[in-house]
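J.: Pasting a structure here, questions to come.
The values are calculated or read from the model by the stated rules, or taken from the named source; none is laboratory data. As the structure is a prediction and not an experimental result, all values here were calculated from the model. Note that each Cβ is placed from the backbone with ideal geometry, even for glycine, and that neighbours are counted across all protein chains shown. Note: areas computed on protein heavy atoms with side chains; ligands, DNA, RNA excluded. Shrake-Rupley method; radii C 1.70, N 1.55, O 1.52, S 1.80 Å.
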Amino acid sequence: MQVNILEAKNNLSSLIVAAERDEEVVIARNGVPVAKLVKYTANKVAPPGAWKGRAAYAADWNSAATNAEVEQLFTDSNNAPAA
């Protein structure tokens, strides 16, 4: 359904009900569509800790050798990537 801006202002409640029923509501200015009213759906966010036990990591991720290698990557200008 397409309505003009004035009609949308006057009938906002009924347009929201139409959007809730998954009807497409297009708002137009001088016959040119400028906005679409759609049903809101909340983003699905995983709770904290959802990845616990799912991500594998190396056993030596926090070893002195690994830490030294990472530090060298940040401090050694010879390892900097070419721009």
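J.: As a test question: what accessible area, to the nearest 10 Å², does LEU6 have when a 1.4 Å probe is rolled over all protein chains in place?
T.: The accessible area comes out at roughly 110 Å².
J.: Taking only DSSP H segments of four or more residues, each worth -39500 (n - 2.57), what value at 222 nm results for the chain once the sum is divided by all its residues, to the nearest 500 deg cm²/dmol?
T.: Counting only the DSSP helices, I get -9000 deg cm²/dmol.
J.: Lysine pairs in the chain with alpha-carbon atoms under 30 Å apart, 8 or more places apart or on different chains: how many are there?
T.: Number of lysine pairs found: 4.
J.: At 7 Å along the Cα-to-beta-carbon direction for both ILE16 and ASN62, put a label point, then send me their distance in nm to one decimal.
T.: 5.0
J.: Let me ask another. Provide TRP51, TRP61 ordered by accessible surface of protein heavy atoms (probe 1.4 Å), highest first.
T.: Sorted descending by solvent-accessible area, the residues read TRP51, TRP61.
J.: Please give the direction-averaged projected area of the C-alpha convex hull for the chain, in square nanometres with one decimal. Before the final figure, lay out each step's value.
T.: Details: hull surface 51.1 nm².
Projected area, direction-averaged: 12.8 nm².
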